[in-house]
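Heads up, the thing below is written out as structure tokens.
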Amino acid sequence: MDQFKVFIVGNSLYSTGIDRILANSGDVTVIGVAPTLLAALTMLKSLAPDVIIVASILEEETIHTVGAFITMHSHIPILRTDLGTNKIQLITSQYLCASSFDLLEVMATLQENIVRGRTL
């Protein structure tokens with residue numbers, strides 16, 4: 001089985017702990033670490049992670065940086081972890097259909113999935 005490639009964004013003892021836990025798991029390879037999303041943008045140009053873990057508070061980043069990050073790496077899921085809670089947020093970006101009929105269908109599916117607690 002191939003190693004699961006992870007890139008970590010964070011600059012704290014928390015992100016260092018995540019890095020060490022994943023590095024010792026045997027199934028995961030941490031292919032890079034950046035202190036901020038802005039720094040990660042440059043590094044990710046030459047890397048191909050399967051997932052990006054954000055182990056820092058996103059509020060420290062500007063909306064522009066977060067938007068650019070998601071736009072440039074829309075195919076990579078982002079897991080935002082929170083030290084203060086027991087939650088992990090999955091952030092994804094998907095390109096969908098362009099016609100108005102398809103847009104209405106996608107919106108209906110999205111609403112249905114939200115009610116059921118699922119994503120597209």
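Debye sum, Cα scatterers, segment 4-94, no solvent: what log₁₀ I/I(0) at q = 0.26 1/Å?
Reported log10 I(q)/I(0), two decimals: -1.62.
Could you give the nm distance between label points at D2 and V106, where each point is 7 Å from its Cα heading toward the beta carbon?
Distance between label points: 2.6 nm.
Label points 7 Å out from Cα along the Cβ direction at L38 and S74: separation in nm?
2.5
For D82, what residues show an amide H to amide H distance below 5 Å, using hydrogens built from the backbone and excluding near sequence neighbours?
Answer set, sorted by chain and number: K87.
So, by mean Cβ neighbours within 10 angstrom, what's the order for 17-23, 105-111 with the highest one leading?
So the peptides 17-23, 105-111, ranked by packing, come out 17-23, 105-111.
We did not get these values from a lab; they are worked out from the coordinates using the rules stated. It should be emphasised that the depicted structure is a prediction, and the values quoted were computed from it without experimental measurement. Heads up, the Cβs are rebuilt from the backbone with ideal geometry, glycines too, and the neighbour counts pull from every protein chain shown.
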